[in-house]
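Report on one structure; see the data block that follows.
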Amino acid sequence: MRSKIIAGNWKMNMNNKETKNLVKGIKKSIKRVQLDNTRVIVAPAYVNLTSAIKRAKKSNLEVVSQNMHQAKNGAFTGEISADMLKGIGVKTVILGHSERRSIFGETDAILAEKVNSALENGLEIIFCFGELLEDRKSENHFSVVESQLKNGLFHLDSMAWNQIVLAYEPVWAIGTGETASPEQAQEMHAFIRKLLQEKYNTSVADNTSILYGGSVKPANAEEIFSKQDVDGGLIGGASLNVADFTAIIKAI
């Protein structure tokens, strides 16, 4: 049975003190929430990972990394390796976020290398992908998503998928004024699950969690999460507020 997952991506927000307070607040809040088969995840900035992990101990809150470099080590100023993340207790890494693709130029080929490195180091992966507004308007959204999955992940064998969580980000619905409906989310999630079944098997398709990352908020979370193939959310701004994040967790 695939897990339900609520993952908060904090991006370049929160200094160390703010991170500690937010982790403390979420940790306290989720004690009062029934988390049957539900994982709660937060991804602070690199410099705050260690303190966040310490604060999250003895709770159901998982602390993950927003990114990592594909190389084992070397002359890559400012980068962080999988081994470094493991060394401080990180077990999961987000890869392929739309901002990493668009702002920092991460290609499918680079992401495939990162995927391989993460898996070789025993890290779970939350793999992000999704189409732009022009892709949706030109009705190329299915082909774009299929291409990103094939190029980034479909070189893996079926056993590797025990360590993969998918996160669909309709980039066109994030900060554009456009709105993705729960029905559109379900349509794409069902398409993704069908791709997994065709490439691998029913077991991989049925057991892979697929998160939705299209501006989930307390007001729309319950309706989005009610869809059959939506297994949770990758949450941005709403994860920076204890009350909002808790409301989204309750909605799952």
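So, in segment 216-236, how many residues would count as being surrounded by fewer than 18 Cβ atoms within 10 Å (Cβ to Cβ) and closer than 13 Å to Ala7 by Cα?
Adding up the residues that qualify gives 1.
Within segment 225-244, which residues are under 16 Å from the mean Cα position of the chain (by Cα) and not hydroxyl-bearing (Ser, Thr, Tyr)? Quick ask: steps written out before the conclusion?
Within segment 225-244, the subset under 16 Å from the mean Cα position of the chain (by Cα) is 225, 229-240.
Residues satisfying the conditions are Phe225, Asp229, Val230, Asp231, Gly232, Gly233, Leu234, Ile235, Gly236, Gly237, Ala238, Leu240.
Can you tell me how many residues within segment 2-40 are over 14 Å from Leu240 (Cβ atoms) and within 19 Å of the chain's Cα centre (by Cα)?
Residues that pass the stated criteria total 9.
Checking Leu22 against (1) touching a residue at least 60 places away in the same chain (Cβ under 8 Å); (2) closer than 24 Å to Ser81 by Cβ; (3) not in a strand (DSSP E or B), which test does it fail?
Here Leu22 meets the rest and fails (2).
Please go through segment 159-187 and pick out each residue that is part of a helix (DSSP H, G or I) and within 13 Å of Asp231 (Cβ to Cβ). First the steps, then the outcome.
Quick first cut of segment 159-187, residues part of a helix (DSSP H, G or I) only: 159-163, 171-173, 182-187.
Hits for segment 159-187 are Ala185, Gln186.
Name the pairs: first residue in segment 66-80 and free of Cβ contacts under 8 Å to residues at least 24 places away in the same chain and within 22 Å of Val42 (Cα to Cα), second residue among the small types (Gly, Ala, Ser) and not in a loop (DSSP other than H, G, I, E, B), Cβ to Cβ under 7 Å, at least 6 apart or on different chains?
Correct list of pairs: empty, since none qualify.
Out of Ser117, Ser102, Ser138, Ser143, report the one residue that is among the polar types (S, T, N, Q) and surrounded by 18 or more Cβ atoms within 10 Å (Cβ to Cβ). If you could, list the steps in order and put the result at the bottom.
Numbers: Ser102 fails: surrounded by 18 or more Cβ atoms within 10 Å (Cβ to Cβ); Ser138 fails: surrounded by 18 or more Cβ atoms within 10 Å (Cβ to Cβ); Ser143 fails: surrounded by 18 or more Cβ atoms within 10 Å (Cβ to Cβ).
Within the list Ser117, Ser102, Ser138, Ser143, the selection yields Ser117.
Values quoted throughout were computed directly from the atomic coordinates according to the rules given, and no laboratory measurement underlies them. Computed from a predicted model, the values in this text were never measured in an experiment. Heads up, the Cβs are rebuilt from the backbone with ideal geometry, glycines too, and the neighbour counts pull from every protein chain shown.
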